[in-house]
Amino acid sequence: MTFGSLTGDYAQMHFDHDFGPSTGMGGTIAHGLLTGAWSLGALAQHAPTRLALGDPGAFVAGFRVKFGRMVYIGDLFSLRWWEGDDACVEGLEGHKRLDTKFEVVNQEGEVTTTGAVTVCRANEAGIGQPLPATPAALEIDPWSKHGLPSPIYADDLLEIGPRGESLGRTVTETDLVAYTNFTGELNPAYLNQEYARAGRFGTRIAPPMWTFCVGFGEYLRDLLSVSMPSSGFAGHLGDSWRYLAPVYVGDTLRTRHKPISYKASGSRPGMAVVEFGVQIVNQRDVIVQDGRVAMMMTSRGKH
C-alpha cells in the first residue's frame, strides 16, 4: 500500500483485500513494479558496483521487467543478479554501458520476476556520452470514455481505448526521500547534492524508476476507468523504459499514453497482449522518459 501512495497506483487489486480472493487471484496482489523498484534497491544495497554507485557520471539509462508469477501480500522474496551481455532496451547499444540481469525469487523458490537494467557511464576521458536519442512524441487523438461499449475488449483498444495526457504533478523533495528510503535505492545521485554537483547533471535528479512508476500510475487510472470483461482488470505482463533527460525537484511532469499494438495470445485462447506507449514530459514539453507497458486482456475471441 505504501508503494501505491508513493507512485499513484491505486488499482483495486492492490488495496481491496476482498477483491483478489473474490476474482480467483488467490489473495491480495502486490504491485508488479514493486518488485522492479526493489530490485534496484537491492542492487544499490548489496551490489552497488552494478549500478556504478560512486561514479557521478553514471546514470540508470534503461530498464526492462517481466512478471511471471503474482506476488502476494506477505510473500518473501530475494534477488539474484549476474552480468548482462546486451543493453536492456533498444537505443542504448552505442553507449558505454554496465548491463545487469536479475530475477526475483519467492519463498517457494519460484521466479516471479525477471529483468535487466542498463547503466550508462562516462567514457575513458571521463566525459559522459550523449543521452539516448529522443523518439517521436506520441500522437494523442481526442478521447472520451463516454459512449464506449461496455465492456471494452482488447480488440477495441487500438481504435477506441483510453489515451491522453495527465494533468501533471510537480516533483518534490518528499518524493525523492520517501521513494528512495522505501525501496532502498539510496543512490547519492538522488540524495547527495555535493556528490551530484560533480556529476553530469550538476545537481540531484529524481530516480528514473520513480519517474516511470508515477507515469504508469497515471496511465493505469485511465485504463481502469473503462469497463472490462470478467473480473474487470488487466494482467500486467511487463514494462520497459529509456531515460532521455534528467528530472529535477521542481519539475512538473505529465504522462502521455496510448495503445500501440495488439497481438492474440498464442498460449491463452481468448486473451490478447496489448502494448501501450507511455511518455513522460516535463514543463518544457521535453520527453524525459519513453516506455512500453504490456498487458494481457480478454479478447472477443473468447465469446
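Miscellaneous remarks
- The single condition among (1) part of a loop (DSSP other than H, G, I, E, B); (2) open to solvent by 10 Å² or more (accessible area, probe 1.4 Å) that LYS101 does not meet is (1).
- Some residue of segment 224-246 being under 18 Å from GLU90 (Cβ atoms) and free of Cβ contacts under 8 Å to residues at least 60 places away in the same chain: no
- Condition check for PRO151: part of a loop (DSSP other than H, G, I, E, B) and over 22 Å from VAL214 (Cα atoms): yes
- Among the numbered conditions (1) outside any loop (DSSP other than H, G, I, E, B); (2) under 30 Å from MET297 (Cβ atoms); (3) open to solvent by 50 Å² or more (accessible area, probe 1.4 Å), the only one that ASN181 does not meet is (2).
- Considering residues of segment 158-176 that are part of a loop (DSSP other than H, G, I, E, B) and open to solvent by less than 70 Å² (accessible area, probe 1.4 Å) only, the residue nearest to MET297 (Cα to Cα): GLY161
Condition check ((1) aromatic (Phe, Trp, Tyr); (2) modelled with pLDDT of 90 or more; (3) surrounded by fewer than 17 Cβ atoms within 10 Å (Cβ to Cβ); (4) in a strand (DSSP E or B)) across all residues:
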residue	(1), (2), (3), (4)
ALA133	no, no, yes, no
ILE140	no, yes, yes, no
SER144	no, yes, yes, no
ASP156	no, yes, no, no
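- When we screen THR113, THR134, THR118 for residues that are under 21 Å from ARG292 (Cβ atoms) and in contact with a helix residue (DSSP H, G or I) (Cβ under 6 Å, 6 or more places away or on another chain), the only hit is THR113.
- For segment 144-153, filtering for residues that are in contact with a helix residue (DSSP H, G or I) (Cβ under 8 Å, 6 or more places away or on another chain) and touching a residue at least 12 places away in the same chain (Cβ under 8 Å) leaves 3.
- Among the candidates GLY74, GLY68, the residue that is more than 21 Å from the chain's Cα centre (by Cα) and open to solvent by 40 Å² or more (accessible area, probe 1.4 Å) is uniquely GLY74.
- Which numbered condition LEU224 fails, given (1) open to solvent by 50 Å² or more (accessible area, probe 1.4 Å); (2) under 16 Å from HIS257 (Cβ atoms); (3) touching a Lys or Arg at 6+ places or on another chain (Cβ under 6 Å): (3)
- Among the residues of segment 244-265, those identified as open to solvent by less than 20 Å² (accessible area, probe 1.4 Å) and in contact with a strand residue (DSSP E or B) (Cβ under 6 Å, 6 or more places away or on another chain) are LEU244, ALA245, VAL247, LEU253, THR255, HIS257, PRO259.
- ARG69 being of a type in the set (Lys, Arg), outside any loop (DSSP other than H, G, I, E, B) and either in contact with a Leu (Cβ under 8 Å, 6 or more places away or on another chain) or at pLDDT below 95 (or both): no
The values are calculated or read from the model by the stated rules, or taken from the named source; none is laboratory data. What you see is a predicted model; the values in this text were computed from it and never measured. Cβ: placed from backbone, ideal geometry, glycine included. Neighbour counts: every protein chain shown. Calculation scope for accessible area: heavy atoms of the full protein, side chains included, ligands and nucleic acids excluded. Shrake-Rupley method; radii C 1.70, N 1.55, O 1.52, S 1.80 Å.
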